[in-house]
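Please read the structure below before turning to the comments.
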Amino acid sequence: MADVLRLHFTVDGEDFTSAGEASAQVKKKLRQMGYDPELIRRVSIAMYEGEINMVIHAGGGEADICIYPDKIEILLSDKGPGIADIALAMRAGYSTAPETVRNLGFGAGMGLPNMKRYSDFMNVESVVGEGTKVTMIINT
Amino acid sequence: MKIREIQKLLSANVLTCTDRLDTDVRSACGSDMMSDVLAYVKDQAVLLTGLVNAQVVRTAEMMDMVCIVFVRSKKPTDEILALAEQNGIAILTTDLRMYDACGILYASGLQGAL
């Protein structure tokens, strides 16, 4: 696999203010590489929602981004509580976020639906008590 | 509509990017829920919100928004202002409430997500 650019970020689960820094860095990198602004926006929003989810629900996690010649892959993994019912979690408007998170402007139950909307492929693997892995692919 | 006109219509104060008031704004979105904002994509938009934290600026950054209006006299912190300045996002504050601020802009020809 030639010409694959890999980026790795650790998402801090303690600091809500810094959530989104990894997505902002990916956005800057894609801009430098000259990608179409619409595509950059899709990648940034999908990753940002995922990053926020890891901070809100899982106490942080790891983000790995692979930039291939024909696609951008975002892998988010955490060791949080896991998702018991993925289909339910995917439903727009469904949220388990506490009131404190809603007061911060999130927890509207739009995170996962937005991630799916902005990516060409999304897969969620989760084991309750162990963690969650989200893979998103955006074709370039 | 230019940011300068938004400032005038809402009697707003400009707290960052005072050199960008001639930037064109093509549409607007009013919400306190950032995920609802992230579900809506349009170029060169302004975000009106009563929520004040760094994630409002992050959301605007991800969406390539050019301006944020904090309604109901909300005052952003220096940290929020620094993040906005760094990303070239003009921050405005107005004493108007959300409904009135949105209504004034809409009546003046600034479209929503339609």
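Bear in mind these aren't lab numbers, they're just calculated from the coordinates by the rules spelled out. Predicted model, so just to flag it, every value in this text is computed and none were measured. So basically every Cβ, Gly included, is an ideal-geometry build from the backbone, and we count neighbours across all protein chains shown.
Worth a mention:
- Hits in region B:18-36 - residues which are touching a helix residue (DSSP H, G or I) at 6+ places or on another chain (Cβ under 9 Å) and crowded, with 16+ Cβ neighbours inside 10 Å: B:20, B:21, B:23, B:25, B:28, B:29, B:30, B:31, B:32, B:33, B:34, B:35
- Test: residue A:46 is small (Gly, Ala, Ser), within 13 Å of the chain's Cα centre (by Cα) and in a strand (DSSP E or B): no
- In the set (1) surrounded by 18 or more Cβ atoms within 10 Å (Cβ to Cβ); (2) touching an Asp or Glu at 6+ places or on another chain (Cβ under 9 Å), residue B:39 fails one condition alone, (2).
- Residue that is nearest to the other protein chains (Cβ to nearest Cβ) [pool: residues in region A:44-74 that are of a type outside the set (Lys, Arg) and surrounded by fewer than 17 Cβ atoms within 10 Å (Cβ to Cβ)]: A:59
- Close pairs (8 angstrom Cβ cut-off, 6 or more residues apart or separate chains): at the interface with chain B (Cβ under 7 Å from one of its Cβ atoms) and touching a residue at least 24 places away in the same chain (Cβ under 8 Å) in region A:9-29, crowded, with 17+ Cβ neighbours inside 10 Å and part of a strand (DSSP E or B) anywhere: A:19/A:11; A:19/A:12
- Any hit, region A:81-103, residues being closer than 24 Å to residue A:26 by Cα and not acidic (Asp, Glu): no
- Once region A:75-118 is narrowed to residues that are out of contact with any strand residue (DSSP E or B) (no Cβ under 6 Å at 6 or more places or on another chain) and of a type in the set (Lys, Arg), the residue that is surrounded by the most Cβ atoms within 10 Å (Cβ to Cβ) is A:117.
- The conditions of being over 30 Å from residue A:113 (Cα atoms), touching a Ser or Thr at 6+ places or on another chain (Cβ under 9 Å), surrounded by 17 or more Cβ atoms within 10 Å (Cβ to Cβ) and in contact (Cβ under 8 Å) with a residue 40 or more places away in the chain are met by residue B:15.
- Residue identified as of a type in the set (A, V, I, L, M, F, W, C), in contact with a strand residue (DSSP E or B) (Cβ under 7 Å, 6 or more places away or on another chain) and within 14 Å of chain A (Cβ to nearest Cβ) among B:60, B:39: B:60
- Residues that are within 14 Å of another protein chain (Cβ to nearest Cβ), among the polar types (S, T, N, Q), over 14 Å from the mean Cα position of the chain (by Cα) and closer than 22 Å to residue A:24 by Cα do not occur anywhere in region B:87-96.
- Considering region A:30-43, and only residues there that are part of a helix (DSSP H, G or I) and more than 9 Å from chain B (Cβ to nearest Cβ), the residue that is surrounded by the fewest Cβ atoms within 10 Å (Cβ to Cβ) turns out to be A:32.
Results for (1) over 22 Å from residue B:38 (Cβ atoms); (2) surrounded by 16 or more Cβ atoms within 10 Å (Cβ to Cβ), shown as yes or no for each residue.
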{"residue": "B:69", "(1), (2)": "no, yes"}
{"residue": "B:74", "(1), (2)": "no, no"}
{"residue": "B:84", "(1), (2)": "no, yes"}
{"residue": "B:91", "(1), (2)": "no, yes"}
{"residue": "B:100", "(1), (2)": "yes, no"}
{"residue": "B:104", "(1), (2)": "yes, yes"}
